[in-house]
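What follows is calculated from the coordinates using simple rules that are stated; it is not laboratory data. Keep in mind the model is a prediction, meaning the values are calculated, not measured. No Cβ is skipped: glycine too gets one built from the backbone with ideal geometry, and neighbour counts run over all protein chains shown.
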């Protein structure tokens, strides 16, 4: 599967949504193809899945923040039966369960120091997610390169991005796409080639 084409729909920015009330703006935004849902509960999820699929957008739910469902194999099986096709999680065992259900899975990694980079690479190498998301996106370029060389899967970035310059800078360092809740960044135009920045 070509993750960047299928899941990110060839776009550099995905919309992070923390409140269900903010979903409509992302669903109707012309630059947004992928929505990362960080806050919801199991009662509203079926209608969200239906709405986003009807609008031909891709939904990825952050399982660690989803309320009302077990963070286990049975919970993921239920989500798959509801029609959810993609998850984000920090927990390696959930990556494994979601992959068994045929879901697209992003392993979220917090990069705090060089030891967390090594641990993250080792963990992702073992469970083999479809992509990893590193937080913050503003990590040094060598961290991104080490992850790309070791994992050979797309690297997404999230967190600590405020300006268009921030986004262009992390993309120039090798991050394949970013997730952000900042609306003004959803408007970025990538029809022009990215400038190389250090």
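Overview of values
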quantity	calculated
Geometric extent, Cα atoms of the range 82-198 - Rg, Dmax (angstrom)	14.5, 44
Order of 189, 146 under a 10 Å beta carbon neighbour criterion, fewest first	189, 146
Cα pair distances of the range 23-86 binned at 10 Å [whole percent]	22, 57, 20, 2
Computed helical MRE - 222 nm, the chain, DSSP H runs ≥ 4 contributing -39500 (n - 2.57), nearest 500	-10500 deg cm²/dmol
Relative packing of 127-136, 74-83, 60-69, which averages over residues the other C-beta atoms within 10 Å, highest first	127-136, 60-69, 74-83
The range 3-186: relative contact order as a whole-number percent, Cα under 8 Å and 6+ apart	19 percent
The chain: C-alpha pair distances exceeding 32 Å, %	11 percent
Ranked list, fewest to most other Cβ atoms within 10 Å of each Cβ, for 44, 58	44, 58
Debye intensity ratio in log₁₀ form over the Cα atoms of the range 134-195, taken at each q of 0.12, 0.16, 0.17, 0.25 Å⁻¹	-0.27, -0.47, -0.53, -1.07
